[in-house]
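What follows is one structure encoded as structure tokens, with my remarks underneath.
The values are calculated or read from the model by the stated rules, or taken from the named source; none is laboratory data. Note that the structure is predicted; figures quoted are calculated from it, not measured. As a convention, Cβ positions derive from the backbone with ideal geometry for all residues, glycine included, and neighbour counts pool all protein chains shown. The accessibility values were calculated without ligands, DNA or RNA, using every heavy atom of the protein model including side chains. Shrake-Rupley method; radii C 1.70, N 1.55, O 1.52, S 1.80 Å.
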Amino acid sequence: FAFPLGIIAAATVEAQTVDEEHSGSECEGCHEITQAHWSESAHANSVEDPEFNKAWREQGSLSECLACHTTGFDESTGTFDTESVSCSVCHGPEPSEHPEQIMPTDISSRMCGNCHLDTHAEWEGSIHGQEDLACVRCHNPHTTDLRAEGVQTLCQSCHNEVAHFYSYTGHADEGLLCSDCHLRVSDAAEGQMGEGHGKRVHAFTVDLQSCSQCHED
């Protein structure tokens with residue numbers, strides 16, 4: 001009785017290992033908190049996201065979009081390993097002796113730029129890019145949220161003197177944040193997905209279009 005039961009158990013474990021190889025489930029045993037944060041993030045829900053699905057269908061459900069919205073996408077067959085941006089996209093290849101050996105992690109902005117093409121190009125030409133202020137300095141890749149309770153707090157962590165004097169301006173009195181002018185909503189957010197689209201322009205400059213959002217007349 002025990003012998004066949006053991007075979008079934010072993011087969012089940014093997015099947016789970018194959019299915020979960022790229023899903024991040026195998027990471028959860030040690031990285032439970034990180035896994036919990038990731039499971040609620042935009043990366044973990046990159047295929048299920050209603051905005052993505054709507055825009056994807058409107059553009060003909062192009063398979064090339066899945067290269068960034070899934071893990072392990074194979075262009076030749078149109079198949080993928082998991083319906084999300086999972087751990088192995090940014091971490092790996094996994095050392096044979098992990099966790100004794102450290103898991104390689106690419107925290108460069110170039111890694112983010114593999115999918116966030118437009119945003120990376122904007123960042124690269126900005127003063128932040130010239131100073132190599134990488135994406136992960138402001139964004140938590142596991143939660144896909146900012147590394148602060150709000151954008152204003154995040155900006156103030158570096159630009160504290162500018163933020164201090166800004167608090168006395170008419171714009172501040174109207175409740176405007178740094179991001180309203182320095183990270184204006186991009187045209188891509190209005191329906192044109194672009195290449196690795198983002199909702200806000202990451203050039204961090206204030207141009208005529210930034211001002212015209214409020215001062216159009």
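So, in the range 127-164, of the ones that are small (Gly, Ala, Ser) and surrounded by fewer than 17 Cβ atoms within 10 Å (Cβ to Cβ), which residue ends up farthest from the chain's Cα centre (by Cα)? Walk me through how you get there before you give the answer.
Just the residues of the range 127-164 that are small (Gly, Ala, Ser), to begin with: 129, 134, 148, 150, 157, 163.
Within this subset, residues satisfying the condition of being surrounded by fewer than 17 Cβ atoms within 10 Å (Cβ to Cβ) are 148, 150, 157, 163.
Numbers: 148: 16, 150: 17, 157: 22, 163: 27 Å.
Checked the range 127-164; the qualifying residue farthest from the chain's Cα centre (by Cα) is 163.
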Step by step: first the residues of the range 127-147, then only those that are in contact with a helix residue (DSSP H, G or I) (Cβ under 7 Å, 6 or more places away or on another chain) and without any contact (Cβ under 8 Å) to a residue 40 or more places away in the chain, then the one that is farthest from residue 85 (Cα to Cα). Which residue is that? 129
For the range 42-85, give me the residue count where each residue is over 13 Å from residue 115 (Cα atoms) and assigned to a strand (DSSP E or B). 3
Sole exception among (1) more than 17 Å from the chain's Cα centre (by Cα); (2) open to solvent by 40 Å² or more (accessible area, probe 1.4 Å) for residue 114, by number: (1)
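Among 56, 38, which is the only one that is among the aromatic types (Phe, Trp, Tyr) and at pLDDT below 90? Outline the logic, then answer.
Working: 38 fails: at pLDDT below 90.
Residue meeting the stated conditions: 56.
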Say whether the condition of being part of a loop (DSSP other than H, G, I, E, B) and surrounded by 18 or more Cβ atoms within 10 Å (Cβ to Cβ) is met by at least one residue in the range 184-194. yes
Considering residues that are touching a residue at least 12 places away in the same chain (Cβ under 8 Å), open to solvent by less than 60 Å² (accessible area, probe 1.4 Å) and over 18 Å from the mean Cα position of the chain (by Cα), the number found within the range 57-91 is 1
